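The values are calculated or read from the model by the stated rules, or taken from the named source; none is laboratory data. All values derive from a computational prediction rather than experimental measurement. Heads up, the Cβs are rebuilt from the backbone with ideal geometry, glycines too, and the neighbour counts pull from every protein chain shown.
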Amino acid sequence: MPGDLIGRAPFSMTLVAGGLLLIVPTLAYSIRAVRQGRYELHRKIQLTLAVILAVAVTIFELDVRLRGWRHLAEPSPYFGTWLFPVLYVHLVFAVATTLLWAVATWHGVKRMGRPARAGPHSRRHRLIGRATAIATVATTLTGWTFYYLAFIA
């Protein structure tokens, strides 16, 4: 279903692009909560985000693999120039972000007690979490750049 919301993009790609705009502020709120010592709220938000991201990425990947996207991006003036280099940079961030989210989630679930609280694992989890947050922002920025170049321009 191309062009359902914005430009020529497949619906699943528009859904993921829009979702990323919601994930970044939610992630920031979750980081603020943990800094305030609200560990259980942080855990709930992060687990919810992890599930939402896993479902969204699965739907997105199935749609892209089954229906493709290149034919929808061909009318873009950037198709033969900047589109693919931007896509490759985005994919590096997207794959790294996916792996970091998985590690951060696993680490938090495995090491954090019930109720959630700081402990000896916190320093490592904080480092993984920071890297994940930075990678998530980079994935969002590069994803939206690709989305614009491919389907809106």
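See the values below:
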{"quantity": "In the stretch 61-118, residue nearest to Val34 (Cα to Cα) [restricted to those that are loosely packed, with under 14 Cβ neighbours inside 10 Å and acidic (Asp, Glu)]", "calculated": "Glu61"}
{"quantity": "Contacts under 8 angstrom Cβ, first residue in the stretch 35-46 being more than 13 Å from Arg126 (Cα to Cα), partner surrounded by fewer than 19 Cβ atoms within 10 Å (Cβ to Cβ) and not hydrophobic (A, V, I, L, M, F, W, C), 6 or more apart", "calculated": "Glu40/Pro115; Ile45/Thr26; Ile45/Tyr29"}
{"quantity": "Unique match (being more than 18 Å from Arg8 (Cα to Cα) and modelled with pLDDT under 95) among His42, His90", "calculated": "His42"}
{"quantity": "Residue list for the stretch 24-77, restricted to those being more than 22 Å from His107 (Cα to Cα) and outside any helix (DSSP H, G or I)", "calculated": "Gly68, Trp69, Glu74, Pro75, Ser76, Pro77"}
{"quantity": "Among (1) modelled with pLDDT of 90 or more; (2) out of contact with any Phe, Trp or Tyr (no Cβ under 9 Å at 6 or more places or on another chain); (3) surrounded by 12 or more Cβ atoms within 10 Å (Cβ to Cβ); (4) closer than 18 Å to Thr142 by Cβ, the one test that Val57 misses", "calculated": "(1)"}
{"quantity": "Test: Ile23 is modelled with pLDDT of 90 or more, buried (at least 18 other Cβ atoms within 10 Å of the Cβ), closer than 26 Å to Ala150 by Cβ and among the β-branched types (Val, Ile, Thr)", "calculated": "yes"}
{"quantity": "Filtered residue count, the stretch 138-153, keeping only those that are surrounded by 17 or more Cβ atoms within 10 Å (Cβ to Cβ) and either in contact (Cβ under 8 Å) with a residue 60 or more places away in the chain or in contact with a Gly (Cβ under 7 Å, 6 or more places away or on another chain) (or both)", "calculated": "8"}
